[in-house]
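> Got a structure for you, written out below as structure tokens; questions coming shortly.
The values are calculated or read from the model by the stated rules, or taken from the named source; none is laboratory data. Predicted model, so just to flag it, every value in this text is computed and none were measured. Ideal geometry is used to build each Cβ from the backbone, glycine not excepted, and the neighbour counts take in all protein chains shown. Surface areas here come from the heavy atoms of the whole protein model, side chains and all, with no ligands, DNA or RNA. Shrake-Rupley method; radii C 1.70, N 1.55, O 1.52, S 1.80 Å.
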Amino acid sequence: MSDERHETVDLSSVAEEILRRRAESLAAETVEESADDRMPLLLFRLGEEWYAVKVADVREIYQEYAVTSIPCVPPYIRGVVNIRGEIISVTEVATLMGLDSDGDSDAEEAPAIVIQNEEATTAMVVDEIGDIVEVPTDGVEPPLSIIDKAQADYIAGSVYVDGRLIGLFNTTTILKPIDATSA
Amino acid sequence: MVEFDRSAFIGKFQEEAQDLLQRLNEGVITLEAEPANRELIDHMLRDAHTLKGSSRMVGLLEISDVAHRLEDIMVKVRDGEMAYTPEMSDSFFEALDAIVYLAEVAGTDVEITLDVEGLQARLTAIAEGGEMAAAEDVASAEGAEEAATPEVTDEDHSEELREDAETGGPGAEEEPGAVRPAMVGGREARADEQGRPTSADGVMKAKAQPTIRIKTGQVDELLNLISEVVIAQIKSEQQAVDLRQAVTDQADIWQAWLRVKSAVVSITNIDDAIATHLADEMAHLDSALSDARRDLSALSKGFADDMSRTSVVVNDLQEQGMRLRMLPVSTVFNTFPRAMRDLARSFKKDVELILEGGDTELDKKVLEEINDPLVHIMRNAVDHGIEPADVRRESGKPEKGTIRMVARQEGDHIVIEISDDGGGIDPEQVKASAIRKGYISQSEADSMSDREATYLIFEKGFSTAAIITEISGRGVGMDVVREFIVEKLKGSLDVDSRLGQGTTFRLTIPLTLAIIRALMLRVGDQLYALPTASIDETLRAEPSDVIKVEGREVIRRQRRTIPLVRLAGILGVSSEGSHGGKIPIANVGFSGHRMGFIVDALVGEQQIVIKTLGTHLRKVDNVAGVTILGAGEVVPILNIPDLMANARNRAGRKGSGPKKSAERTGPMKILICEDSFTTRELERSIFEAAGYDVEVAMDGAQGFAKLKEGLVVDAVVTDVQMPNMTGFELTKAIKTDASLKNTPVIIVTSLERDEEKAEGIQAGADAYITKSVFNQDTLLDTVERLIG
């Protein structure tokens, strides 16, 4: 009980804090971006390009894993892995989005980023894991309009990191459960 | 500070209400038989009171009000101001159902569509009718009881209930917090058996039971961890073997060393200094080797001892873990008397339900899943099995039909038999219907045994009834029930029927869903698991045994021709082909079909733990899940119904489903015959929205003329009362016309008396939907089922 009460107090004070800050920023619209409104992104490489996912969506990273292929799945599902007794699908995001990758999709040394939301979990195969960077929350721009249609659904926006424009993955569409009904 | 939020407690109330409502429902049924059972009334009164209080607490005032009125009536009954009459049961049930509904929608945005006020008024009328109407009620009720409605519940039945409560006692005591989906709602919490109003002692005992309610998710997590421990244990058993091998290897090295030592000692012409040095080194190596040997051997032995001790514990852990999920079948059975009462009423039949073996224990997950199939089979038995009273009288049977549901354990399976003493399935009628619907040809029918014909009821979309009535027609066919049992529960459903004597459905399901036996087989370089429940046999056939018929490979087994399918082809994987000439085949029987799957190698049979494909791969064609073998490798488990369906699709759907649907492309066409403009346009828009092509006619004559002029449609939907030619006449005309008779006819009408339905059946209609229950889904479902 005491814990709960404690948490409630914390939450309400946090909420108060947020409200206070919003009120302040509304009052002075020209005030500089607060340094706290930043979100961490995990960078990764596919082929020549760098992309990012929100760290909040990442559960863990794997460098080594044994994939079991499953028949009758879409071509971008490489198979499943057994992670401590939990079965997780392995998604080749490069294939899913028609992006370049280092090729040889059978290479098992390619690292995987396990992403998760309330609905599903999958391990995304990438070519290389990069750094975690912090970007301003409102620094995410809408995706480039010239983007390939196959990719548009899976890119949430683009963001500048060290002068490079990086595509931010939309984990919600990537994690959409696959529900193939029998033909 | 945070305000007290009532909505947060609605969930709790719903859980509690479920228990109370279940007990009240059972109470009403018992009360019908023993209207003067004072003790029972007291119990019910207490439950109604609790319901009233807690619903008011969470602000559900409508529930509180209905419960209050129930309480009022019961107080009067208890105080003898009023006699309990069977008529009251209906109002009680209505009230209880209303509470179930209100409790379910509580806290959601669903708009309440129930006539609560009307119900309240009716309840008040009963309560206030009290003294003055009581005598009248009794008089009229007595008449009503005999004439109007056949009651499921009678003296015998309540005896049965009481017995059930007592015999069900031990099982129930183990699980007073028994959780399962109750018939009354979608939530999981439910009544414990001690709550039965007839066993007051039980209630007291239950309170004293040292039990805990646990979320099933937590139990599942625990079981998941246990299966990890089991897998780890298998791994360490393998390591123990490896260690023993290392000890043996070291013994060999020791022997080799001894030989070297004696060889070295025998060397004579050697410098003394070197000899001394060598002797030192050898002595050192000798003791090091001997120490290492002793240590390794001790390690191996110690490991093996520890492991065998752990092994016992792990086995116990697994067994006890599985038992956590086991609940008595009675948790499902208990809702059936009420369901049967409602069913018997709606079909206007007099049926007694006998339940046996309620204390048989079953995995909770299985229990959750068998409720619906059992209800469906029960409903089927009432609708199609039990004959109308006059027919029963003529054939010398008691007017009251009997449906018996028996559960028992056989080895590692649970068998549930549902038998009725009705008319049985007429194989000739089934055959005729199958021919008419295009499932089989006349010659196939002629060569078919009665037993095979009976199994036709499991064909996709097949309905045994000459007509689809709303109650059995809504929902699902036996094919769906059977597929569900095979696919979801890894069990089987069989039927045994004697014409004129009755039908028995036999449901065999594994004790637990978590572990099944499976045949491991190899295709290409990967292993697959095939559940053994559906495997008839495995064989290694000579290539010369495989013959080609109509361009397809088949094999003869016991005077049956079994089509062969390459598993690699269905799965879309590469195959290495079998080596050494013989062809490994797994013969599978499912839903009356047999098929042989050609694989690369048959590896062996073993128990496997079933796991899902994870949250991302929700449904994959042909794959039911995966299992993890001892070494941690993941093996896909194949889905037999999917494999069979896909194999049949490849073979041009031969022998499966109406043939016409396989050849068709483009939208289905419907002819609507209806004189009312509004209804016609309503139906038209429903079908067009669902992607059908629609043709309309103002009456039967016009519709029939269009058909005779060569209009080809997939189904005819017709009204009954129309000028020039009625729907019945139209149906008869279509069904007696050689070129049109296979077109399904669906009658949509406001006539809902039984005689009218019978007239529709005689005319040959395939389905009959009354406008009172008419809605878009019923109509589309029915049409889809008929032309699917």
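> Among what's in region B:223-254 and is of a type in the set (D, E, K, R) and in contact with a Gly (Cβ under 9 Å, 6 or more places away or on another chain), pick the residue that is farthest from the other protein chains (Cβ to nearest Cβ).
Selected residue: B:Glu237.
> State which residue is farthest from B:Ala624 (Cα to Cα) when the search covers only region B:522-550 and only residues that are open to solvent by less than 40 Å² (accessible area, probe 1.4 Å) and either in contact with a Cys (Cβ under 8 Å, 6 or more places away or on another chain) or within 14 Å of chain A (Cβ to nearest Cβ) (or both).
Going through the qualifying residues, I end up with B:Gly524.
> When you go through (1) surrounded by fewer than 21 Cβ atoms within 10 Å (Cβ to Cβ); (2) small (Gly, Ala, Ser); (3) modelled with pLDDT under 80 one by one for B:Ser64, which number turns out not to apply?
Unmet for B:Ser64, out of (1) surrounded by fewer than 21 Cβ atoms within 10 Å (Cβ to Cβ); (2) small (Gly, Ala, Ser); (3) modelled with pLDDT under 80: (3).
> A follow-up question, please. Got a sec? Which strands (runs of 3 or more DSSP E) wholly within region B:596-637 have at least 3 residues that are within 12 Å of chain A (Cβ to nearest Cβ)?
B:617-619, B:623-628
> Looking only at region A:93-104, filter to residues that are open to solvent by 40 Å² or more (accessible area, probe 1.4 Å) and not small (Gly, Ala, Ser); which one of those is modelled with the lowest pLDDT?
Only one residue fits best here, namely A:Asp104.
> Can you find even one residue in region B:296-314 that is within 30 Å of B:Lys215 (Cβ to Cβ) and exposed (fewer than 15 other Cβ atoms within 10 Å of the Cβ)?
Yes - at least one qualifying residue is present in region B:296-314.
> Name the residues in region A:71-92 that are within 8 Å of another protein chain (Cβ to nearest Cβ), touching a residue at least 40 places away in the same chain (Cβ under 8 Å) and open to solvent by 20 Å² or more (accessible area, probe 1.4 Å), would you?
Selection gives A:Cys72, A:Val73.
> Also, quick follow-up: Suppose we filter B:Arg56, B:Arg38 for residues that are more than 17 Å from B:Arg23 (Cα to Cα) and in the same structural domain as B:Ala95 (by TED's automatic domain parsing); which single one remains?
Result of the check over B:Arg56, B:Arg38: B:Arg56.
> Collect the residues in region B:601-632 that are touching a residue at least 24 places away in the same chain (Cβ under 8 Å), farther than 24 Å from B:Leu511 by Cβ and surrounded by fewer than 21 Cβ atoms within 10 Å (Cβ to Cβ), keeping them in residue-number order.
The answer is B:Ala601, B:Leu602, B:Val603, B:Asp621, B:Ala631, B:Gly632.
> Restricting region B:408-432 to residues that are among the aliphatic types (A, V, I, L, M) and within 20 Å of B:Ile516 (Cβ to Cβ), which is modelled with the lowest pLDDT?
B:Ile414
> Now a separate question. If you go through region B:398-446, how many residues are hydrophobic (A, V, I, L, M, F, W, C) and over 18 Å from the mean Cα position of the chain (by Cα)?
Total satisfying the criteria: 8.
> Being under 30 Å from B:Asn371 (Cα atoms) and among the hydrophobic types (A, V, I, L, M, F, W, C) narrows it down to one residue among B:Leu289, B:Leu278, B:Leu324; which is it?
The match here is B:Leu324.
> State which residue pairs qualify: first residue more than 13 Å from A:Val67 (Cβ to Cβ) and at the interface with chain B (Cβ under 9 Å from one of its Cβ atoms) and inside region A:114-125, second residue hydroxyl-bearing (Ser, Thr, Tyr) and assigned to a loop (DSSP other than H, G, I, E, B) in any location, beta carbons under 6 Å apart, and separation of 6 or more residues or different chains.
Between residues of region A:114-125 that are more than 13 Å from A:Val67 (Cβ to Cβ) and at the interface with chain B (Cβ under 9 Å from one of its Cβ atoms) and residues that are hydroxyl-bearing (Ser, Thr, Tyr) and assigned to a loop (DSSP other than H, G, I, E, B), the close pairs are A:Ala120/B:Thr615; A:Thr121/B:Thr615.
> What is the residue count in region B:477-519 for residues that are in contact (Cβ under 8 Å) with a residue 60 or more places away in the chain and over 15 Å from B:Ser534 (Cβ atoms)?
Count: 20.
> While we're here: When you look at B:Gln245, is it open to solvent by 60 Å² or more (accessible area, probe 1.4 Å) and not hydroxyl-bearing (Ser, Thr, Tyr), yes or no?
Spelling it out, B:Gln245 is indeed open to solvent by 60 Å² or more (accessible area, probe 1.4 Å) and not hydroxyl-bearing (Ser, Thr, Tyr).
> On to the next question. Suppose the filter is within 33 Å of the chain's Cα centre (by Cα) and either surrounded by fewer than 16 Cβ atoms within 10 Å (Cβ to Cβ) or basic (Lys, Arg) (or both); does B:Asp90 pass it?
Judged against the criteria, B:Asp90 is a match.
> Return a yes/no flag: does region A:95-104 have any residue that is away from chain B (no Cβ under 11 Å), at positive phi, free of Cβ contacts under 8 Å to residues at least 12 places away in the same chain and among the acidic types (Asp, Glu).
Within region A:95-104, one or more residues are away from chain B (no Cβ under 11 Å), at positive phi, free of Cβ contacts under 8 Å to residues at least 12 places away in the same chain and among the acidic types (Asp, Glu).
> Tally the residues that are outside any loop (DSSP other than H, G, I, E, B) and away from chain B (no Cβ under 13 Å), restricting the search to region A:48-69.
13
> Scanning for something farther than 19 Å from B:Gln120 by Cβ and without any contact (Cβ under 8 Å) to a residue 60 or more places away in the chain, does region B:63-79 turn up at least one residue?
Yes, region B:63-79 has at least one match.
> Sort out for me the helices (runs of 4 or more DSSP H) sitting completely within region B:355-443 that have 2 or more residues that are within 30 Å of B:Leu223 (Cα to Cα) and open to solvent by less than 10 Å² (accessible area, probe 1.4 Å).
Answer list for region B:355-443: B:364-380.
> Of the numbered conditions (1) at pLDDT below 80; (2) open to solvent by less than 20 Å² (accessible area, probe 1.4 Å); (3) not assigned by TED's automatic domain parsing to the domain that holds B:Leu527, B:Gly700 fails exactly one; give the number of that condition.
So the condition that B:Gly700 fails would be (1).
> Could you check how many residues of region B:288-300 are among the basic types (Lys, Arg) and closer than 28 Å to B:Ile226 by Cβ?
Of the residues in that region, 0 qualify.
> Please indicate, with yes or no, whether at least one residue in region B:303-312 is free of Cβ contacts under 8 Å to residues at least 40 places away in the same chain and not charged (D, E, K, R).
Checking region B:303-312: at least one residue is free of Cβ contacts under 8 Å to residues at least 40 places away in the same chain and not charged (D, E, K, R).
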